Amino acid sequence: MSLAQRRILLGVSGGIAAYKSCELVRRLRDLGAEVRVVMTEGATHFVSATTFQALSGQPVRTSLWDAEAEAAMGHIELARWAERIIIAPASADLLARLAHGMANDLLTTVCLASAAPVYVAPAMNQQMWAHPAVQANIDTLRQRGVHLLGPASGDQACGDIGSGRMLEPLELREAIVASFGKPVLRGLKVVVSAGPTYEDIDPVRFIGNRSSGRMGFAVAEAAAQAGAEVTLVAGPVSLATPPGIARRVDVRSAVQMRDAVLAATPQADIYIGAAAVGDYRPAEVADHKLKKHDGAALELHLTENPDILATLAAQTVRPFLVGFAAETHDVARYARDKLQRKGLDMIAANQVGSGLGFEADDNALNLYWADGAAELARTSKTELARQLVTQVAERYRAVRG
Ligand code: CTP
């Protein structure tokens, strides 16, 4: 494990867990990271800036209005300097301000001004953590690509027992180390498709599916972290572009997605088809809103969409192809069949239902290739994407050298 020369900005907000962040600075520096600390006003009531200054070996910033500090390293420079921002502890107030895009102190301003991935480690009383307002803010932040670390459950400083404890410094450090990943895809071009497709019926209606795009976006981010130059072809989703993505192409229908993928793949080494492409589209799209006729059934004529993976597989020079399969039963049999039928190099199958799959935060995958298989156990989509990318890189090297 190494964080040599990695530039980590540690944001500390007001909470008793701030004392553990002192330890976090030590542990990050043990691995060679450069750490700069920004404290909110609230944080200074728990731990002094001098403590963090001594531990980080760098000046600590507490205010947006510090003329001397701004002259040395301004807040925009600080925002650009950071490769990762980790906020530990992240108080309910800090999360609310981040969720609303506020810039009323140095830490929130730096977060807005930085392109670095942001990691938050919430710490608060269990009742506060469970409050719908806090949970809504967490949802907003997650949707925007902020990474959530914890919280853990257990004894709390206030005497309560429950969810809201900050993760331990070593667990936080592990997440930061993992976020840099190994550059297993360095020098390779990867195209990832993600999200659903919408097939228009008329100007106001469409046929779609429940894919959120989160798995595909996580795969694209993991591939970028592994050093690949990533093109992300996204169906209609409400997700921010993950950090490090070279190109994002937004599409709506399966045909548009096929065109965008075909335009991007001639230069690509690997294509990962994580999109839930609609199998059919209305044969004709009405140019006016369809009206209902009392009692009469509506018949829609559907025509089959092009199969993007099969189209790529049919090319003589083609990228390494990874498909996804969502199955409700007989996962291995159907996945292997799809692997063969579509001429893929690898297939990632997940069992949908039982809280896994499309709209869930967690997922599990079974990977199959011609002469092997691997099981990736249930975990967050971010972690799963990382493991998938590692496997894809391994298989790619085995087949293509
Ligand atoms: N796919 C594609 N183009 C399509 C449909 C699917 O490239 N028109 C890709 C998806 O991105 C995914 C994989 O194929 O990687 C899913 O296979 P698919 O045959 O769509 O799975 P199902 O719809 O579940 O098929 P079946 O009904 O046979 O189970």
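The values are calculated or read from the model by the stated rules, or taken from the named source; none is laboratory data. This one's a predicted model, so the numbers in the text were calculated from it and none came from an experiment. Cβ sites come from the backbone with ideal geometry, for glycine too, and all protein chains shown count toward neighbours.
Look through Ile308, Ile270 and report the one residue that is within 14 Å of the ligand (Cβ to nearest atom), farther than 23 Å from Arg210 by Cβ and β-branched (Val, Ile, Thr).
Criteria check complete, one pass: Ile270.
Consider region 260-281. How many of its residues are of a type in the set (A, V, I, L, M) and assigned to a loop (DSSP other than H, G, I, E, B)? Full working, then the answer.
First pass over region 260-281, keeping only residues of a type in the set (A, V, I, L, M): 260-264, 268, 270, 272, 274-277.
Among the residues that remain, those that are also assigned to a loop (DSSP other than H, G, I, E, B) are: 268, 274-275, 277.
Final tally of qualifying residues: 4.
Checking region 62-72 against the condition returns no match, with no residue being of a type outside the set (Gly, Ala, Ser), crowded, with 17+ Cβ neighbours inside 10 Å, farther than 30 Å from Asn125 by Cβ and under 27 Å from the mean Cα position of the chain (by Cα).
Among the residues in region 282-304, are any part of a loop (DSSP other than H, G, I, E, B) and within 12 Å of the ligand (Cβ to nearest atom)? Before you say what the answer is, go through the steps one by one.
Start the filter on region 282-304 by keeping residues that are part of a loop (DSSP other than H, G, I, E, B), which leaves 283-301.
Still in the running and within 12 Å of the ligand (Cβ to nearest atom): none.
So far as region 282-304 goes, no, none of its residues is part of a loop (DSSP other than H, G, I, E, B) and within 12 Å of the ligand (Cβ to nearest atom).
Please specify each residue of region 368-401 satisfying the condition of being surrounded by 20 or more Cβ atoms within 10 Å (Cβ to Cβ), of a type in the set (A, V, I, L, M, F, W, C) and part of a helix (DSSP H, G or I). Correct list: Leu384, Ala385, Leu388, Val389, Val392, Ala393.
Listed conditions (1) among the basic types (Lys, Arg); (2) touching a Gly at 6+ places or on another chain (Cβ under 9 Å); (3) within 16 Å of the ligand (Cβ to nearest atom) are all met by Arg386, apart from (3). Of all residues in region 31-59, those satisfying the criterion of being assigned to a loop (DSSP other than H, G, I, E, B) and polar (S, T, N, Q) are Thr40, Ser48, Gln58. Region 147-204 holds strands (runs of 3 or more DSSP E) entirely within its bounds, and those carrying 2 or more residues that are within 30 Å of Arg281 (Cβ to Cβ) map to 189-194. The C-beta contact set for region 259-284 (first residue not assigned by TED's automatic domain parsing to the domain that holds Ala385, second residue assigned to a strand (DSSP E or B) and near the ligand (Cβ under 9 Å from one of its atoms), distance under 7 angstrom, 6+ apart or interchain) is empty. Among residues belonging to region 140-185 that are in contact (Cβ under 8 Å) with a residue 40 or more places away in the chain and small (Gly, Ala, Ser), point out the one that is surrounded by the most Cβ atoms within 10 Å (Cβ to Cβ). Only one residue fits best here, namely Gly164.
Has region 219-242 got any residue that is more than 22 Å from Leu185 (Cβ to Cβ) and not in a loop (DSSP other than H, G, I, E, B)? For region 219-242, residues more than 22 Å from Leu185 (Cβ to Cβ) and not in a loop (DSSP other than H, G, I, E, B): absent. Specify which of the listed residues (Val277, Val204, Val255, Val233) is within 11 Å of the ligand (Cβ to nearest atom), surrounded by fewer than 18 Cβ atoms within 10 Å (Cβ to Cβ) and not acidic (Asp, Glu). After applying the criteria, what remains is Val255.
Can you tell me which residue is surrounded by the most Cβ atoms within 10 Å (Cβ to Cβ) among those in region 3-25 that are free of Cβ contacts under 8 Å to residues at least 40 places away in the same chain and touching a Leu at 6+ places or on another chain (Cβ under 9 Å)?
Step one: of region 3-25, the residues free of Cβ contacts under 8 Å to residues at least 40 places away in the same chain are 4-5, 19, 22, 25.
Now restrict to residues that are touching a Leu at 6+ places or on another chain (Cβ under 9 Å): 4, 22, 25.
Numbers: Ala4: 8, Cys22: 17, Val25: 25.
Checked region 3-25; the qualifying residue surrounded by the most Cβ atoms within 10 Å (Cβ to Cβ) is Val25.
Restricting attention to region 205-218, the residues that are in a loop (DSSP other than H, G, I, E, B) and touching a Phe, Trp or Tyr at 6+ places or on another chain (Cβ under 7 Å) total 4.
Within region 314-329, residues that are under 9 Å from Ala348 (Cα atoms) and free of Cβ contacts under 8 Å to residues at least 12 places away in the same chain reach no partner that is near the ligand (Cβ under 9 Å from one of its atoms) and not basic (Lys, Arg) with beta carbons closer than 8 Å at six or more positions or on different chains. Within region 372-379, identify whether any single residue is closer than 22 Å to Ser211 by Cβ, among the hydroxyl-bearing types (Ser, Thr, Tyr) and in contact with an Asp or Glu (Cβ under 6 Å, 6 or more places away or on another chain), and answer yes or no. No, the conditions are met nowhere in region 372-379. Filtered by the rule that a residue be of a type in the set (A, V, I, L, M) and without any contact (Cβ under 8 Å) to a residue 40 or more places away in the chain, region 52-77 gives Ala54, Leu55, Val60, Ala67, Ala69, Ala71, Ala72, Met73, Ile76.
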